[in-house]
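First the structure, in the form of C-alpha coordinates, and then the observations on it.
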Amino acid sequence: MNCKTVEIPLSQAVEAIAGRFCPRERITAIRSLGSGNVNDTFLVTHRGHRPSSPAGSFVLQKLNTRVFARPELVMHNLVALGNHIQSRLASPPPELQGRRWEVPQVVRCRQDRLWVEQDGEFWRSITYIGAATTTDVILNRDHAREVGYGLGMFHSLISDLPADQLRDTLKNFHVTPAYLNRYDNVNNSRKIADPDIHSAAAFVEARRHGMDVLEAALQRGELKLRPIHGDPKINNVMIDEVSGQAVGLIDLDTVKPGLVHYDIGDCLRSCCNPAGEETDDLSIVQFDLTWCESILEGYLSVARHFLSDWDLHYLPDCIRLIPLELGLRFLTDHLEGNPYFRTERPGHNLQRAAVQFRLTESVEQELSQIRAMVHRLAGC
Ligand code: GN1
Ligand code: MG
(Lines give C-alpha, C1' and ligand atoms only; values in the text may rest on other atoms or scores of the structure.)
(Ligands and ions follow the chains in the order given, each with its own letter.)
Protein backbone atom coordinates (compact mmCIF):
# COMPACT_ATOMS: atom_id res chain seq x y z
CA MET A 1 0.00 0.00 0.00
CA ASN A 2 2.86 2.39 0.73
CA CYS A 3 4.18 2.15 -2.79
CA LYS A 4 1.47 4.06 -4.58
CA THR A 5 1.12 7.74 -3.84
CA VAL A 6 -1.28 9.59 -6.08
CA GLU A 7 -1.73 13.37 -5.98
CA ILE A 8 -5.41 14.15 -5.52
CA PRO A 9 -7.18 17.43 -4.94
CA LEU A 10 -7.60 17.32 -1.20
CA SER A 11 -10.47 18.91 0.53
CA GLN A 12 -9.77 21.53 3.13
CA ALA A 13 -11.46 19.15 5.56
CA VAL A 14 -8.62 16.61 5.21
CA GLU A 15 -6.04 19.35 5.64
CA ALA A 16 -7.82 20.57 8.74
CA ILE A 17 -7.89 17.07 10.21
CA ALA A 18 -4.18 16.56 9.42
CA GLY A 19 -3.62 19.82 11.30
CA ARG A 20 -5.05 18.19 14.40
CA PHE A 21 -2.08 15.78 14.33
CA CYS A 22 0.66 18.19 13.20
CA PRO A 23 0.66 22.02 13.00
CA ARG A 24 -0.67 22.94 9.56
CA GLU A 25 2.17 25.30 8.75
CA ARG A 26 4.63 22.40 9.27
CA ILE A 27 2.84 20.08 6.80
CA THR A 28 4.49 19.97 3.37
CA ALA A 29 2.26 17.49 1.50
CA ILE A 30 -0.79 15.28 1.86
CA ARG A 31 -1.30 12.49 -0.63
CA SER A 32 -3.82 9.73 -1.11
CA LEU A 33 -2.24 6.38 -0.26
CA GLY A 34 -3.07 2.85 -1.36
CA SER A 35 -6.16 1.34 -2.86
CA GLY A 36 -8.19 0.02 0.08
CA ASN A 37 -11.82 -0.95 -0.45
CA VAL A 38 -12.99 0.25 2.95
CA ASN A 39 -11.07 3.13 4.66
CA ASP A 40 -9.67 6.41 3.25
CA THR A 41 -5.89 6.65 3.66
CA PHE A 42 -3.48 9.58 3.27
CA LEU A 43 0.25 10.10 3.69
CA VAL A 44 1.06 13.34 5.51
CA THR A 45 4.61 14.66 5.14
CA HIS A 46 5.94 17.38 7.45
CA ARG A 47 9.04 19.41 8.33
CA GLY A 48 8.89 18.26 11.95
CA HIS A 49 6.11 18.92 14.45
CA ARG A 50 8.30 21.69 15.92
CA PRO A 51 11.17 23.64 14.34
CA SER A 52 13.59 21.57 16.45
CA SER A 53 12.10 18.14 15.57
CA PRO A 54 13.03 16.03 12.53
CA ALA A 55 11.08 15.97 9.28
CA GLY A 56 8.96 12.89 8.72
CA SER A 57 5.63 11.52 7.66
CA PHE A 58 2.66 9.62 9.08
CA VAL A 59 -0.38 7.81 7.77
CA LEU A 60 -3.72 9.53 8.33
CA GLN A 61 -6.88 7.43 7.97
CA LYS A 62 -10.60 7.97 8.08
CA LEU A 63 -12.08 4.73 9.37
CA ASN A 64 -15.22 3.57 7.63
CA THR A 65 -17.63 3.50 10.56
CA ARG A 66 -20.28 1.66 8.53
CA VAL A 67 -17.85 -1.26 8.53
CA PHE A 68 -16.11 -0.62 11.87
CA ALA A 69 -19.10 0.37 13.99
CA ARG A 70 -16.96 0.53 17.16
CA PRO A 71 -13.76 2.25 15.95
CA GLU A 72 -12.61 2.79 19.54
CA LEU A 73 -12.29 -1.01 19.81
CA VAL A 74 -10.14 -1.03 16.67
CA MET A 75 -7.88 1.47 18.43
CA HIS A 76 -7.83 -0.66 21.57
CA ASN A 77 -6.60 -3.63 19.51
CA LEU A 78 -4.03 -1.53 17.70
CA VAL A 79 -2.52 -0.34 20.97
CA ALA A 80 -2.60 -3.84 22.54
CA LEU A 81 -0.95 -5.33 19.46
CA GLY A 82 1.69 -2.58 19.18
CA ASN A 83 2.63 -2.88 22.86
CA HIS A 84 2.84 -6.65 22.66
CA ILE A 85 5.03 -6.73 19.56
CA GLN A 86 7.33 -4.01 20.94
CA SER A 87 7.86 -6.05 24.09
CA ARG A 88 8.55 -9.20 22.03
CA LEU A 89 11.08 -7.29 19.94
CA ALA A 90 13.04 -6.47 23.09
CA SER A 91 14.35 -10.06 22.88
CA PRO A 92 13.70 -10.99 19.25
CA PRO A 93 13.22 -14.60 18.11
CA PRO A 94 16.21 -16.22 16.35
CA GLU A 95 14.43 -16.05 12.97
CA LEU A 96 14.65 -12.24 13.20
CA GLN A 97 18.44 -12.31 13.60
CA GLY A 98 20.00 -9.68 11.33
CA ARG A 99 16.59 -8.53 10.13
CA ARG A 100 14.48 -5.44 10.61
CA TRP A 101 10.89 -5.75 11.84
CA GLU A 102 8.44 -2.89 12.34
CA VAL A 103 4.91 -2.45 13.53
CA PRO A 104 2.82 0.66 12.81
CA GLN A 105 2.15 2.54 16.05
CA VAL A 106 -0.61 4.96 16.91
CA VAL A 107 0.36 8.64 16.46
CA ARG A 108 -1.58 10.66 19.00
CA CYS A 109 -3.22 13.92 17.99
CA ARG A 110 -1.97 17.25 19.33
CA GLN A 111 -4.52 17.08 22.16
CA ASP A 112 -2.78 13.79 23.13
CA ARG A 113 -5.77 11.64 22.20
CA LEU A 114 -5.66 8.43 20.18
CA TRP A 115 -8.09 9.70 17.55
CA VAL A 116 -10.09 12.68 16.35
CA GLU A 117 -13.86 12.62 15.91
CA GLN A 118 -15.32 15.37 13.80
CA ASP A 119 -18.62 15.79 11.94
CA GLY A 120 -19.47 12.15 12.63
CA GLU A 121 -16.16 10.97 11.14
CA PHE A 122 -13.44 9.01 12.92
CA TRP A 123 -9.82 9.87 12.10
CA ARG A 124 -6.60 8.43 13.43
CA SER A 125 -2.91 8.41 12.54
CA ILE A 126 -0.25 5.73 12.60
CA THR A 127 3.48 5.67 11.90
CA TYR A 128 4.66 5.15 8.32
CA ILE A 129 7.14 2.37 7.62
CA GLY A 130 9.81 4.05 5.49
CA ALA A 131 12.32 2.53 3.04
CA ALA A 132 9.88 -0.29 2.35
CA THR A 133 7.28 -0.92 -0.28
CA THR A 134 4.51 -3.29 -1.35
CA THR A 135 3.44 -4.71 -4.70
CA ASP A 136 0.14 -5.96 -6.09
CA VAL A 137 1.62 -9.10 -7.63
CA ILE A 138 4.30 -11.58 -6.60
CA LEU A 139 7.54 -10.79 -8.44
CA ASN A 140 9.53 -14.01 -7.99
CA ARG A 141 10.05 -16.97 -5.66
CA ASP A 142 12.16 -14.95 -3.20
CA HIS A 143 9.45 -12.35 -2.93
CA ALA A 144 6.82 -15.07 -2.40
CA ARG A 145 8.93 -16.65 0.32
CA GLU A 146 9.32 -13.27 2.06
CA VAL A 147 5.58 -12.64 1.99
CA GLY A 148 5.06 -16.05 3.65
CA TYR A 149 7.82 -15.32 6.14
CA GLY A 150 6.18 -11.95 6.92
CA LEU A 151 2.84 -13.53 7.77
CA GLY A 152 4.55 -16.30 9.73
CA MET A 153 6.62 -13.83 11.74
CA PHE A 154 3.54 -11.71 12.42
CA HIS A 155 1.65 -14.79 13.68
CA SER A 156 4.66 -15.91 15.68
CA LEU A 157 5.08 -12.53 17.40
CA ILE A 158 1.43 -12.41 18.44
CA SER A 159 1.00 -16.13 19.15
CA ASP A 160 1.47 -15.47 22.88
CA LEU A 161 -0.86 -12.45 22.98
CA PRO A 162 -3.94 -13.83 24.78
CA ALA A 163 -6.86 -13.65 22.32
CA ASP A 164 -9.12 -12.31 25.07
CA GLN A 165 -7.02 -9.13 25.22
CA LEU A 166 -8.34 -8.26 21.77
CA ARG A 167 -11.88 -7.02 21.16
CA ASP A 168 -14.16 -8.39 18.46
CA THR A 169 -14.26 -5.40 16.15
CA LEU A 170 -16.06 -7.08 13.26
CA LYS A 171 -18.54 -9.70 14.32
CA ASN A 172 -18.50 -12.79 12.10
CA PHE A 173 -15.57 -11.53 10.01
CA HIS A 174 -14.41 -14.60 8.02
CA VAL A 175 -17.17 -16.77 9.51
CA THR A 176 -18.23 -18.20 6.15
CA PRO A 177 -21.63 -19.64 7.23
CA ALA A 178 -22.64 -16.18 8.46
CA TYR A 179 -21.80 -14.71 5.02
CA LEU A 180 -23.86 -17.50 3.46
CA ASN A 181 -26.86 -16.59 5.65
CA ARG A 182 -26.60 -12.97 4.68
CA TYR A 183 -26.34 -13.93 1.01
CA ASP A 184 -29.40 -16.19 1.32
CA ASN A 185 -31.42 -13.35 2.85
CA VAL A 186 -30.72 -10.94 0.01
CA ASN A 187 -30.74 -13.54 -2.76
CA ASN A 188 -34.10 -15.00 -1.70
CA SER A 189 -35.73 -11.58 -1.99
CA ARG A 190 -34.08 -10.84 -5.36
CA LYS A 191 -36.51 -9.87 -8.11
CA ILE A 192 -34.22 -9.24 -11.10
CA ALA A 193 -33.36 -12.21 -13.35
CA ASP A 194 -29.84 -11.21 -14.42
CA PRO A 195 -27.95 -14.06 -16.19
CA ASP A 196 -24.61 -13.01 -14.62
CA ILE A 197 -26.10 -13.18 -11.15
CA HIS A 198 -27.74 -16.47 -12.09
CA SER A 199 -24.40 -18.12 -12.90
CA ALA A 200 -22.77 -16.72 -9.74
CA ALA A 201 -25.73 -17.96 -7.67
CA ALA A 202 -25.44 -21.41 -9.27
CA PHE A 203 -21.73 -21.44 -8.36
CA VAL A 204 -22.56 -20.73 -4.72
CA GLU A 205 -25.38 -23.30 -4.71
CA ALA A 206 -23.03 -26.04 -5.90
CA ARG A 207 -20.64 -25.27 -3.01
CA ARG A 208 -23.08 -24.55 -0.20
CA HIS A 209 -22.24 -27.83 1.48
CA GLY A 210 -18.98 -27.63 3.39
CA MET A 211 -18.80 -23.86 3.79
CA ASP A 212 -18.77 -24.47 7.55
CA VAL A 213 -15.62 -26.61 7.41
CA LEU A 214 -13.50 -24.30 9.58
CA GLU A 215 -16.26 -23.19 11.95
CA ALA A 216 -17.30 -26.81 12.54
CA ALA A 217 -13.67 -27.70 13.34
CA LEU A 218 -13.58 -24.77 15.77
CA GLN A 219 -16.79 -25.99 17.44
CA ARG A 220 -15.36 -29.48 17.78
CA GLY A 221 -12.27 -28.03 19.48
CA GLU A 222 -9.94 -29.13 16.69
CA LEU A 223 -9.00 -25.53 15.92
CA LYS A 224 -8.65 -22.66 18.36
CA LEU A 225 -9.00 -18.91 18.25
CA ARG A 226 -5.79 -16.93 18.16
CA PRO A 227 -4.93 -13.30 17.40
CA ILE A 228 -4.87 -12.88 13.63
CA HIS A 229 -4.28 -10.07 11.11
CA GLY A 230 -7.56 -10.53 9.23
CA ASP A 231 -6.45 -9.02 5.90
CA PRO A 232 -2.89 -10.16 5.05
CA LYS A 233 -3.19 -9.65 1.32
CA ILE A 234 -0.08 -9.12 -0.74
CA ASN A 235 -0.08 -5.34 -0.56
CA ASN A 236 -0.23 -5.39 3.22
CA VAL A 237 3.18 -7.07 3.53
CA MET A 238 5.96 -4.46 3.55
CA ILE A 239 9.19 -5.38 1.80
CA ASP A 240 12.49 -3.60 2.54
CA GLU A 241 13.55 -1.61 -0.53
CA VAL A 242 17.17 -2.68 -0.29
CA SER A 243 17.26 -6.20 1.17
CA GLY A 244 13.96 -7.40 -0.33
CA GLN A 245 13.07 -8.86 3.07
CA ALA A 246 9.66 -8.62 4.72
CA VAL A 247 9.75 -5.98 7.45
CA GLY A 248 6.20 -5.87 8.79
CA LEU A 249 2.49 -6.10 8.09
CA ILE A 250 0.33 -3.00 7.74
CA ASP A 251 -3.45 -2.40 7.68
CA LEU A 252 -4.02 -3.67 11.21
CA ASP A 253 -7.69 -2.71 11.64
CA THR A 254 -8.89 -6.26 11.30
CA VAL A 255 -6.57 -7.67 13.97
CA LYS A 256 -8.80 -9.64 16.31
CA PRO A 257 -9.31 -13.21 17.55
CA GLY A 258 -9.81 -15.65 14.69
CA LEU A 259 -8.32 -18.70 13.01
CA VAL A 260 -4.84 -18.47 11.50
CA HIS A 261 -6.45 -20.31 8.58
CA TYR A 262 -8.36 -17.17 7.61
CA ASP A 263 -5.04 -15.35 7.26
CA ILE A 264 -3.23 -18.11 5.41
CA GLY A 265 -6.14 -18.54 2.98
CA ASP A 266 -6.41 -14.79 2.45
CA CYS A 267 -2.69 -14.34 1.85
CA LEU A 268 -2.60 -17.20 -0.67
CA ARG A 269 -5.75 -16.18 -2.54
CA SER A 270 -4.35 -12.69 -2.97
CA CYS A 271 -0.76 -13.69 -3.85
CA CYS A 272 -1.32 -16.75 -6.03
CA ASN A 273 -3.63 -15.07 -8.53
CA PRO A 274 -1.21 -13.19 -10.81
CA ALA A 275 -4.16 -11.55 -12.59
CA GLY A 276 -5.13 -9.72 -9.39
CA GLU A 277 -8.54 -9.10 -7.83
CA GLU A 278 -9.52 -6.37 -10.25
CA THR A 279 -9.03 -8.07 -13.60
CA ASP A 280 -11.94 -8.28 -16.02
CA ASP A 281 -10.36 -11.14 -17.96
CA LEU A 282 -11.43 -14.35 -16.23
CA SER A 283 -9.44 -16.49 -18.63
CA ILE A 284 -6.17 -15.41 -16.99
CA VAL A 285 -7.28 -16.02 -13.41
CA GLN A 286 -5.63 -19.08 -11.92
CA PHE A 287 -4.06 -20.30 -8.71
CA ASP A 288 -0.27 -20.40 -9.10
CA LEU A 289 1.14 -23.46 -7.31
CA THR A 290 4.73 -22.22 -7.55
CA TRP A 291 3.96 -19.05 -5.63
CA CYS A 292 1.88 -21.09 -3.17
CA GLU A 293 4.79 -23.40 -2.47
CA SER A 294 7.24 -20.55 -1.82
CA ILE A 295 4.78 -18.67 0.39
CA LEU A 296 4.07 -21.78 2.46
CA GLU A 297 7.80 -22.50 2.71
CA GLY A 298 8.42 -18.98 4.06
CA TYR A 299 5.43 -19.19 6.38
CA LEU A 300 6.33 -22.58 7.82
CA SER A 301 9.97 -21.57 8.32
CA VAL A 302 8.71 -19.34 11.15
CA ALA A 303 5.32 -20.74 12.08
CA ARG A 304 5.67 -24.52 11.87
CA HIS A 305 6.47 -24.87 15.59
CA PHE A 306 3.15 -23.49 16.82
CA LEU A 307 0.89 -25.28 14.31
CA SER A 308 -0.89 -28.40 15.54
CA ASP A 309 -1.66 -31.46 13.42
CA TRP A 310 -5.26 -30.25 13.15
CA ASP A 311 -4.04 -26.82 12.02
CA LEU A 312 -2.08 -28.48 9.23
CA HIS A 313 -4.96 -30.80 8.39
CA TYR A 314 -7.25 -27.84 7.62
CA LEU A 315 -4.71 -25.80 5.61
CA PRO A 316 -5.83 -27.04 2.17
CA ASP A 317 -9.46 -26.35 3.14
CA CYS A 318 -8.79 -22.72 3.96
CA ILE A 319 -6.91 -22.21 0.69
CA ARG A 320 -10.12 -23.16 -1.12
CA LEU A 321 -12.56 -21.55 1.31
CA ILE A 322 -11.28 -17.97 1.57
CA PRO A 323 -11.54 -17.09 -2.16
CA LEU A 324 -14.98 -18.68 -2.18
CA GLU A 325 -15.94 -16.61 0.88
CA LEU A 326 -14.61 -13.36 -0.62
CA GLY A 327 -16.52 -14.07 -3.82
CA LEU A 328 -19.65 -14.58 -1.75
CA ARG A 329 -19.01 -11.31 0.11
CA PHE A 330 -18.58 -9.38 -3.17
CA LEU A 331 -21.69 -11.02 -4.66
CA THR A 332 -23.78 -10.23 -1.57
CA ASP A 333 -22.58 -6.63 -1.60
CA HIS A 334 -23.56 -6.35 -5.26
CA LEU A 335 -27.03 -7.70 -4.50
CA GLU A 336 -27.39 -5.30 -1.56
CA GLY A 337 -26.45 -2.25 -3.67
CA ASN A 338 -22.74 -2.08 -2.69
CA PRO A 339 -22.97 -0.71 0.87
CA TYR A 340 -19.66 -2.29 1.98
CA PHE A 341 -16.93 -2.42 -0.69
CA ARG A 342 -16.08 0.79 -2.52
CA THR A 343 -16.95 0.47 -6.24
CA GLU A 344 -15.91 2.44 -9.29
CA ARG A 345 -18.55 1.32 -11.78
CA PRO A 346 -21.85 -0.56 -11.97
CA GLY A 347 -21.33 -4.31 -11.67
CA HIS A 348 -17.86 -3.87 -10.14
CA ASN A 349 -18.52 -6.13 -7.14
CA LEU A 350 -20.18 -8.74 -9.36
CA GLN A 351 -17.04 -8.82 -11.51
CA ARG A 352 -14.85 -9.10 -8.39
CA ALA A 353 -17.03 -12.03 -7.27
CA ALA A 354 -16.55 -13.75 -10.64
CA VAL A 355 -12.75 -13.43 -10.27
CA GLN A 356 -12.79 -15.03 -6.81
CA PHE A 357 -15.10 -17.82 -8.00
CA ARG A 358 -12.82 -18.54 -10.94
CA LEU A 359 -9.87 -18.65 -8.53
CA THR A 360 -11.81 -21.06 -6.29
CA GLU A 361 -12.33 -23.37 -9.28
CA SER A 362 -8.63 -23.26 -10.02
CA VAL A 363 -7.80 -24.18 -6.40
CA GLU A 364 -10.32 -27.03 -6.59
CA GLN A 365 -8.56 -28.41 -9.68
CA GLU A 366 -5.24 -28.35 -7.82
CA LEU A 367 -6.44 -29.46 -4.41
CA SER A 368 -4.78 -32.87 -4.38
CA GLN A 369 -1.44 -31.27 -5.30
CA ILE A 370 -1.96 -28.65 -2.59
CA ARG A 371 -2.62 -31.39 -0.02
CA ALA A 372 0.56 -33.22 -1.02
CA MET A 373 2.50 -29.95 -0.91
CA VAL A 374 1.34 -29.13 2.64
CA HIS A 375 2.30 -32.64 3.83
CA ARG A 376 5.71 -32.39 2.22
CA LEU A 377 6.53 -28.88 3.44
CA ALA A 378 5.24 -29.44 6.97
CA GLY A 379 6.95 -32.83 7.22
CA CYS A 380 3.79 -34.58 8.31
C1 GN1 B 1 -11.17 -5.14 2.13
O2 GN1 B 1 -10.13 -2.28 2.35
P3 GN1 B 1 -9.17 -3.39 2.10
O4 GN1 B 1 -8.85 -3.47 0.64
O5 GN1 B 1 -7.94 -3.30 2.99
C6 GN1 B 1 -11.72 -6.13 3.14
C7 GN1 B 1 -10.97 -7.46 3.07
C8 GN1 B 1 -11.01 -8.00 1.66
C9 GN1 B 1 -10.44 -6.95 0.71
C10 GN1 B 1 -10.54 -7.41 -0.72
C11 GN1 B 1 -12.49 -4.88 6.63
O12 GN1 B 1 -9.87 -4.78 2.51
O13 GN1 B 1 -11.58 -8.41 3.95
O14 GN1 B 1 -10.26 -9.20 1.56
O15 GN1 B 1 -11.17 -5.71 0.83
N16 GN1 B 1 -11.62 -5.55 4.49
C17 GN1 B 1 -12.68 -5.55 5.33
O18 GN1 B 1 -9.81 -6.57 -1.51
O19 GN1 B 1 -13.75 -6.08 5.04
MG1 MG C 1 -7.75 -4.01 4.93
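What number of residues in segment 57-86 are buried (at least 16 other Cβ atoms within 10 Å of the Cβ), more than 16 Å from ligand 1 (Cβ to nearest atom) and without any contact (Cβ under 8 Å) to a residue 40 or more places away in the chain?
Result for segment 57-86: 1.
Only one of these is of a type in the set (D, E, K, R) and closer than 25 Å to Thr41 by Cβ: Arg99, Arg108, Arg88, Arg141. Name it.
Of the residues listed, the single one that is of a type in the set (D, E, K, R) and closer than 25 Å to Thr41 by Cβ is Arg108.
When you scan segment 324-348, how many residues do you find that are outside any loop (DSSP other than H, G, I, E, B) and either among the aliphatic types (A, V, I, L, M) or more than 16 Å from ligand 2 (Cβ to nearest atom) (or both)?
Summing the residues that are outside any loop (DSSP other than H, G, I, E, B) and either among the aliphatic types (A, V, I, L, M) or more than 16 Å from ligand 2 (Cβ to nearest atom) (or both) in segment 324-348 gives 10.
Any idea how many residues of segment 37-74 are of a type in the set (A, V, I, L, M) and touching a Phe, Trp or Tyr at 6+ places or on another chain (Cβ under 6 Å)?
5
Please state which one of Arg110, Arg88 is at pLDDT 95 or above, charged (D, E, K, R) and either under 20 Å from the mean Cα position of the chain (by Cα) or not in a helix (DSSP H, G or I) (or both).
Result: Arg110 is the single residue among Arg110, Arg88 that is at pLDDT 95 or above, charged (D, E, K, R) and either under 20 Å from the mean Cα position of the chain (by Cα) or not in a helix (DSSP H, G or I) (or both).
Restrict the check to segment 277-293 and report whether at least one residue is within 16 Å of ligand 2 (Cβ to nearest atom), surrounded by 20 or more Cβ atoms within 10 Å (Cβ to Cβ) and at negative phi.
Yes: segment 277-293 contains one or more residues that are within 16 Å of ligand 2 (Cβ to nearest atom), surrounded by 20 or more Cβ atoms within 10 Å (Cβ to Cβ) and at negative phi.
When the residues of segment 20-42 are narrowed to those that are of a type outside the set (Ser, Thr, Tyr), within 16 Å of ligand 1 (Cβ to nearest atom) and part of a strand (DSSP E or B), which ends up surrounded by the fewest Cβ atoms within 10 Å (Cβ to Cβ)?
Asp40
Kindly evaluate Glu297 against the criterion of being more than 13 Å from ligand 2 (Cβ to nearest atom) and in a loop (DSSP other than H, G, I, E, B).
In short, no.
Regarding segment 305-314, can at least one residue be identified that is part of a helix (DSSP H, G or I) and buried (at least 20 other Cβ atoms within 10 Å of the Cβ)?
Yes, segment 305-314 contains a residue that is part of a helix (DSSP H, G or I) and buried (at least 20 other Cβ atoms within 10 Å of the Cβ).
Within segment 27-64, count every residue that is of a type in the set (Val, Ile, Thr), touching a strand residue (DSSP E or B) at 6+ places or on another chain (Cβ under 8 Å) and more than 16 Å from Ala13 (Cβ to Cβ).
Filtering segment 27-64 down to residues of a type in the set (Val, Ile, Thr) leaves 27-28, 30, 38, 41, 44-45, 59.
Subsequent filtering for residues that are touching a strand residue (DSSP E or B) at 6+ places or on another chain (Cβ under 8 Å) retains 27-28, 30, 41, 44-45, 59.
Adding the requirement that they be more than 16 Å from Ala13 (Cβ to Cβ) leaves 28, 45, 59.
Number satisfying all stated conditions: 3.
Where in segment 169-274 are there strands (runs of 3 or more DSSP E), lying wholly inside it, with at least 2 residues that are within 24 Å of Tyr314 (Cα to Cα)?
Of the strands (runs of 3 or more DSSP E) lying wholly inside segment 169-274, those with at least 2 residues that are within 24 Å of Tyr314 (Cα to Cα) span 226-228, 256-258.
Tell me which of these Asn235 doesn't satisfy, since it passes every other one: (1) more than 16 Å from ligand 1 (Cβ to nearest atom); (2) of a type in the set (S, T, N, Q); (3) within 12 Å of the chain's Cα centre (by Cα).
Just one mismatch for Asn235, condition (1).
Starting from segment 288-317, take each residue that is closer than 21 Å to Gln245 by Cβ and hydroxyl-bearing (Ser, Thr, Tyr) and list its partners that are buried (at least 17 other Cβ atoms within 10 Å of the Cβ) and at pLDDT 95 or above, counting only C-beta distances under 6 angstrom and pairs at least six apart or across chains.
Partner pairs satisfying both residue conditions: Ser294/Ala144; Ser294/Arg145; Tyr299/Gly148; Tyr299/Leu151; Tyr299/Gly152.
Being without any contact (Cβ under 8 Å) to a residue 60 or more places away in the chain, surrounded by 13 or more Cβ atoms within 10 Å (Cβ to Cβ) and within 16 Å of ligand 2 (Cβ to nearest atom) narrows it down to one residue among Asp184, Asp194, Asp231; which is it?
Asp231
Out of all the residues in segment 237-269, which are within 16 Å of ligand 2 (Cβ to nearest atom), under 17 Å from Ala303 (Cβ atoms) and not small (Gly, Ala, Ser)?
Taking segment 237-269 as the starting set, the residues that turn out to be within 16 Å of ligand 2 (Cβ to nearest atom) are 237-238, 248-256, 258, 262-263, 265-267, 269.
When the remaining residues are screened for being under 17 Å from Ala303 (Cβ atoms), the result is 237, 248-249, 255, 258, 262-263, 265-267.
Passing the criteria: Val237, Leu249, Val255, Tyr262, Asp263, Asp266, Cys267.
Within the set of pairs 6+ apart or on separate chains, which have a first residue in segment 15-28 that is over 10 Å from Cys109 (Cα atoms), a second that is part of a helix (DSSP H, G or I) and at pLDDT 95 or above, and C-beta atoms under 6 Å apart?
Taking only residues 6 or more apart or on different chains, the pairs are Ile27/Ala18.
Looking at segment 55-86, which of its residues are of a type in the set (S, T, N, Q) and either over 17 Å from Asp164 (Cβ atoms) or away from ligand 2 (no atom under 14 Å from the Cβ) (or both)?
Once the filter is applied, which keeps residues that are of a type in the set (S, T, N, Q) and either over 17 Å from Asp164 (Cβ atoms) or away from ligand 2 (no atom under 14 Å from the Cβ) (or both), segment 55-86 yields Ser57, Gln61, Asn64, Thr65, Asn83, Gln86.
How do the pairs read when you match residues in segment 327-349 that are surrounded by fewer than 16 Cβ atoms within 10 Å (Cβ to Cβ) with residues anywhere that are among the small types (Gly, Ala, Ser), using Cβ under 6 Å and keeping only pairs 6 or more apart or on different chains?
Between residues of segment 327-349 that are surrounded by fewer than 16 Cβ atoms within 10 Å (Cβ to Cβ) and residues that are among the small types (Gly, Ala, Ser), there is no close pair.
Mind checking whether some residue in segment 186-207 is within 25 Å of Val106 (Cβ to Cβ), more than 16 Å from ligand 1 (Cβ to nearest atom) and out of contact with any Pro (no Cβ under 9 Å at 6 or more places or on another chain)?
No, there is no match, as no residue in segment 186-207 is within 25 Å of Val106 (Cβ to Cβ), more than 16 Å from ligand 1 (Cβ to nearest atom) and out of contact with any Pro (no Cβ under 9 Å at 6 or more places or on another chain).
The values are calculated or read from the model by the stated rules, or taken from the named source; none is laboratory data. Since we're looking at a predicted model, the values are computed, not measured. Cβ atoms come from the backbone with ideal geometry, glycine included; neighbour counts cover every protein chain shown.
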